[in-house]
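Scroll down for the structure; my scribbles are underneath it.
The values are calculated or read from the model by the stated rules, or taken from the named source; none is laboratory data. Bear in mind that the values here come from a model prediction, so they are computed numbers and not experimental data. Positions of Cβ are backbone-derived with ideal geometry, glycine not excepted, and every protein chain shown enters the neighbour counts.
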C-alpha cells in the first residue's frame, strides 16, 4: 500500500497544508486518522500531509450553528455534550455508531465526508440537517451545500488540491427532532447495509420542515423529498409515516451485494423509515 | 525517513519507511505484545495507546506518531510489577489462548483513566473493538471491574 510514498509533512497551519497540496497536485494525500489511507492502494500518492496539528479539531456552537473541525474524531463527536444536545443528538448518534471505539478514537469526520464510501455513517446525518462544508483550495475558501455530496464523490467535490476544513450544521436545525438508524450485521460493522436519518422541525403541532434521508443502500445519501412532502403539515401521524415509508421504497432502488437481496433490503428499509419517523415524533 | 517518538516513556529517533504501518514498526522494534490479527482494524489485537487513546495500530501509519507518545502492553507493567489490569486478568481467569489480552488490557487502560468506575455496559462499549474467539467476554469484563476497584482502593494511577 502507498508503495510510492516518499515523504511526510507535518504542517502547523492550514495555509501550509494548502501550499503543499498546490505544490504536489494530485500526488499529495491528506492524513488525519489514517484509518482509510493506511488501507488503500494509491500508487499516485508520493507525499502525505498530516493535518492533525493545524487546529482543525474543534466543536463550537455559535450563532449560526454547530461548527465542527474536519479532524474532530468520531469519539469526540459522540461524547460531546454540545453535539448530544444539538438537533436531538443526530450527529452524536451517527458518530457513536461508527465501527468500534478503536476506530472512533482515530477516524475523523472530515475523512468520512471526503472518502465517501456508500456505507459511511456521517454523510446521511449531515444531509438530513442541511449542513454545509468549508473547503479551502489554494487560498480560496468556499462553502458547499451538503446536497452536493448526493451528486458526486467527496474527493471530486474537494478536488486534488483542496482541503475540507470544517462542517457547519445550521442553527435552524438545533431544535429539530431527529432519528438515526443503522442496519448492519453488528454494531461494530464498518459497512452499514441501510442508514436512515430523519429530522422533523415543528412549529407547535405543524411540521414545517421534514428530512428523510437514506444512505448505504444507495451509492450516495439521498433525501427523498416526495416522502418529506407526505409528512409536512398539521400533526403528522403514524399513517403519514407509513405512507412516507412506502414512498421511500417506491423511489429508492437498493444497491445489492452478497450480504442481502433487493427484496429483503426494501422490506427492512420500509420498517426503518417508519420506525425512524415514529422516533422523531416521540419528543 | 526519521521518526521521533516516545514509546513506553522512552524518547528515540527511528528510521522508518513512510508507508510503514504502526503495527509493523512496533513489532520490528521488538514490541511483540502488539499482535498481528486481522490487519483490517476489526479485531483489536494490535491495540496501543497513542497520546492516551486506544487505537488499532494496523490501520495507522507509523509516521503519524511523530512527536507523539505510544504505550504498548509492555509499557503498562512487568512480570515483577504488573499493572492492576494485568493482575486482574490473571486473577479473574480472563485468559484462554491469551492473544486478545494485550489489546483488551490497553483498551481498558484508556477507559479507566477517564472512567474510574465503569459499569458493565461501559466496559463492553469501551472494549467493543477487541474480539475474543475463546471466551464469552464475561471474565474480561469482570477483570476490568476488579482492576477498577483495586485502583480506586490503592489510589494508584490507572
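So which residues in region A:210-228 are over 21 Å from residue A:185 (Cα atoms) and out of contact with any strand residue (DSSP E or B) (no Cβ under 7 Å at 6 or more places or on another chain), if there are any at all?
A:225, A:226
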> Which of (1) farther than 19 Å from residue A:99 by Cα; (2) buried (at least 17 other Cβ atoms within 10 Å of the Cβ) is the odd one out, the single condition residue B:154 does not satisfy?
Replying inline: (2)
>> Of all residues being within 17 Å of residue A:282 (Cβ to Cβ) and surrounded by fewer than 23 Cβ atoms within 10 Å (Cβ to Cβ) in region A:169-203, which is nearest to the other protein chains (Cβ to nearest Cβ)? Just the residue, please.
In response: A:181
> Scanning for something touching a strand residue (DSSP E or B) at 6+ places or on another chain (Cβ under 9 Å), without any contact (Cβ under 8 Å) to a residue 40 or more places away in the chain and part of a loop (DSSP other than H, G, I, E, B), does region B:2-24 turn up at least one residue?
Replying inline: no
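Residue-wise test of (1) out of contact with any helix residue (DSSP H, G or I) (no Cβ under 9 Å at 6 or more places or on another chain); (2) modelled with pLDDT under 95; (3) surrounded by 15 or more Cβ atoms within 10 Å (Cβ to Cβ).
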site: B:2; (1), (2), (3): yes, no, no
site: B:13; (1), (2), (3): yes, no, no
site: B:20; (1), (2), (3): no, no, yes
site: B:24; (1), (2), (3): no, no, yes
site: B:33; (1), (2), (3): no, no, yes
site: B:45; (1), (2), (3): no, no, yes
site: B:49; (1), (2), (3): no, no, yes
site: B:57; (1), (2), (3): no, no, yes
site: B:69; (1), (2), (3): yes, no, yes
> Going by the structure shown, is residue A:226 assigned to a helix (DSSP H, G or I) and crowded, with 19+ Cβ neighbours inside 10 Å?
Replying inline: no
> Going by the structure shown, is residue B:98 under 18 Å from residue B:29 (Cα atoms) and more than 14 Å from chain A (Cβ to nearest Cβ)?
Replying inline: no
> Give me the pairs: first residue in region A:251-263 and farther than 25 Å from residue A:230 by Cα, second residue in a helix (DSSP H, G or I) and at pLDDT 90 or above, beta-carbon distance under 6 Å, and six or more apart or on different chains, which are they?
Replying inline: A:256/A:262
> Of these, B:70, B:65, which one is touching a strand residue (DSSP E or B) at 6+ places or on another chain (Cβ under 6 Å), under 19 Å from residue A:106 (Cβ atoms) and within 11 Å of another protein chain (Cβ to nearest Cβ)?
Replying inline: B:65
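One line per residue, one yes/no per condition, for (1) away from every other protein chain (no Cβ under 14 Å); (2) closer than 19 Å to residue B:51 by Cα; (3) surrounded by fewer than 20 Cβ atoms within 10 Å (Cβ to Cβ); (4) out of contact with any helix residue (DSSP H, G or I) (no Cβ under 9 Å at 6 or more places or on another chain):
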position	(1), (2), (3), (4)
A:4	no, no, yes, no
A:11	no, yes, yes, no
A:18	yes, no, no, yes
A:25	yes, no, yes, yes
A:37	no, no, no, no
A:41	no, no, yes, yes
A:44	no, no, yes, no
A:48	no, no, no, no
A:73	no, yes, no, no
> For region A:105-151, how many residues are within 13 Å of residue A:167 (Cβ to Cβ), in a strand (DSSP E or B) and without any contact (Cβ under 8 Å) to a residue 60 or more places away in the chain?
Replying inline: 7
> Among the residues of region A:154-164, is any free of Cβ contacts under 8 Å to residues at least 12 places away in the same chain and more than 14 Å from chain B (Cβ to nearest Cβ)?
Replying inline: yes
> Restricted to region A:160-180, and to residues that are assigned to a strand (DSSP E or B) and in contact with a helix residue (DSSP H, G or I) (Cβ under 6 Å, 6 or more places away or on another chain), which residue is farthest from residue A:11 (Cα to Cα)?
Replying inline: A:177
> Taking region A:50-70 only, how many residues are more than 12 Å from chain B (Cβ to nearest Cβ), crowded, with 23+ Cβ neighbours inside 10 Å and within 21 Å of residue A:106 (Cα to Cα)?
Replying inline: 2
>> Checking the conditions here, which among A:218, A:268 is assigned to a helix (DSSP H, G or I), out of contact with any helix residue (DSSP H, G or I) (no Cβ under 6 Å at 6 or more places or on another chain) and under 21 Å from residue A:123 (Cα atoms)?
In response: A:268
>> List the strands (runs of 3 or more DSSP E) inside region A:1-90, counting only whole elements, that have at least 3 residues being at negative phi and in contact (Cβ under 8 Å) with a residue 60 or more places away in the chain.
In response: A:65-69
> Out of all the residues in region A:133-159, which are closer than 19 Å to residue A:215 by Cα and crowded, with 20+ Cβ neighbours inside 10 Å?
Replying inline: A:133, A:146, A:149, A:154
>> Quick check on this structure: which one of A:111, A:96 is within 16 Å of the chain's Cα centre (by Cα), closer than 23 Å to residue A:17 by Cβ and within 12 Å of chain B (Cβ to nearest Cβ)?
In response: A:111
